[in-house]
Amino acid sequence: MKVSILIPCKNAERWIRKAVTSALSQTHTNCEVLVWDDGSSDSSARILASFGSQIRVIGTTPIGSNPARNRLLETASGQWIQFLDADDYLEPRKIAAQLTEIHSKGADVVYGPVKEEIWRGNEVKTCHVIAPQDPQDLIGTWLRWHLAQTGSVLWKRSAIQRLGGWHPKQPCCQDNEIMLRALQRGLSFTYCPFPGAIYRLWSEDTLCRRNPTMVIRERSRLTDVMLEWLESTGRLYDAYRRLAAQGAFEMARTLAKYDLDEADAFHRERHARYGLMLRGDAAPFSYRAVYRLAGFRCAERLALALRP
């Protein structure tokens, strides 16, 4: 089976060579590598040119990451599609491992764990694997925000085309938005336990890192869409309500690091909508005790005072 590896690139001179090399180094050799240079002003174009005929640079017009993915998808000739962000990379066996799952089980979408690298300056400070607790519970995994990272997924081309590709105006949470539509359309999923995609967290200057409020609001909106869909299909079980409530609490805590007033307003809004669930790493015993005695704002003030 032929796989098209599609890479949108914008000013990624620090990382793009590794991303392309990892695509070319796949043990599954029937691959094509297509790149959209989204109007880079750094040396990305020169680095891409150094690969010669091993890759195809499809366009150089700045159109944005999701439109670039869609343009690459239109050009791809593979039956299966691997999207890869320019600052991430793949393990050599990533595609081969996921194709093995397809051969044995069949699927429209294959997904798996992702390795998250957290960089400080020029070195990796921590690296850990993010994997779903129950890979067969696709709804619960999505509500925990663990169903997808762009590079961890292998798509059947015909399936993602039926979805209409990536939403061209989605500002953030792009992989979660397309996975929501995949679930709503009833695409079949298979899980591959091999963590073959590496996701780099290396800058505070990305749109999502600069604007955490936007990310939280968009995640909340998508969660509301999911819950409304589940309710309309008779599948809004208590377990899913609890997962959404836990996610809302975690988002309120994250937002409090940046703006306590906005976090407090968000906390009240989410609590009124479907409640909050204090559990997980964001809710240690001491925090829960203060929260129950004095409320969210006081608990966050104390947590801020005690934070190293």
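The values are calculated or read from the model by the stated rules, or taken from the named source; none is laboratory data. Because the structure is predicted, anything quoted here is derived from the model rather than measured. Cβ placement follows ideal geometry from the backbone for every residue including glycine, while neighbour counts extend to all protein chains displayed.
Worth pointing out:
Here's the yes/no breakdown for (1) modelled with pLDDT of 95 or more; (2) touching a Ser or Thr at 6+ places or on another chain (Cβ under 8 Å); (3) closer than 19 Å to Thr150 by Cβ:
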| residue | (1), (2), (3) |
| --- | --- |
| Pro212 | no, yes, no |
| Val215 | no, no, yes |
| Tyr237 | yes, no, no |
| Arg242 | yes, no, no |
| Phe249 | yes, no, no |
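- The helices (runs of 4 or more DSSP H) found entirely in region 1-90 that carry 2 or more residues being farther than 23 Å from Val114 by Cβ and of a type outside the set (A, V, I, L, M, F, W, C) are 44-49, 65-75.
A quick yes/no check of all residues on (1) free of Cβ contacts under 8 Å to residues at least 12 places away in the same chain; (2) farther than 27 Å from Asp137 by Cα; (3) not assigned by TED's automatic domain parsing to the domain that holds Leu183:
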| site | (1), (2), (3) |
| --- | --- |
| Arg221 | yes, no, yes |
| Leu227 | no, no, yes |
| Glu231 | yes, no, yes |
| Gly234 | yes, no, yes |
| Tyr240 | no, no, yes |
| Leu243 | no, no, yes |
| Ala248 | no, no, yes |
| Glu262 | no, yes, yes |
| Ala289 | yes, yes, yes |
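- Meets criteria (within 15 Å of Trp80 (Cβ to Cβ) and not aliphatic (A, V, I, L, M)) for Phe189: yes
- Residue within region 83-97 that is surrounded by fewer than 17 Cβ atoms within 10 Å (Cβ to Cβ), among the β-branched types (Val, Ile, Thr) and assigned by TED's automatic domain parsing to the domain that holds Leu201 present: no
- Among the candidates Gly78, Gly59, the residue that is at pLDDT below 95 and of a type in the set (Gly, Ala, Ser) is uniquely Gly59.
- For region 62-70, the count of residues that are buried (at least 19 other Cβ atoms within 10 Å of the Cβ), closer than 28 Å to Pro193 by Cβ and not hydroxyl-bearing (Ser, Thr, Tyr) is nonzero.
- Considering residues of region 56-72 that are among the hydrophobic types (A, V, I, L, M, F, W, C) and touching a residue at least 40 places away in the same chain (Cβ under 8 Å) only, the residue nearest to Pro92 (Cα to Cα): Leu72
- Check on Leu276, closer than 25 Å to Gln133 by Cβ, part of a helix (DSSP H, G or I) and in contact with a Lys or Arg (Cβ under 9 Å, 6 or more places away or on another chain): no
- For beta carbons closer than 8 Å, sequence separation of 6+ or different chains, a first residue in region 107-118 that is in the same structural domain as Leu90 (by TED's automatic domain parsing) and a second that is crowded, with 20+ Cβ neighbours inside 10 Å and among the polar types (S, T, N, Q), the qualifying pairs are Val110/Gln98; Tyr111/Ser152; Gly112/Gln98; Gly112/Ser152; Pro113/Ser152; Val114/Gln149; Val114/Ser152.
- Some residue of region 290-303 being at pLDDT 95 or above and under 26 Å from the mean Cα position of the chain (by Cα): no
- Tally, over region 1-55, of residues that are crowded, with 18+ Cβ neighbours inside 10 Å, touching a residue at least 60 places away in the same chain (Cβ under 8 Å) and β-branched (Val, Ile, Thr): 4
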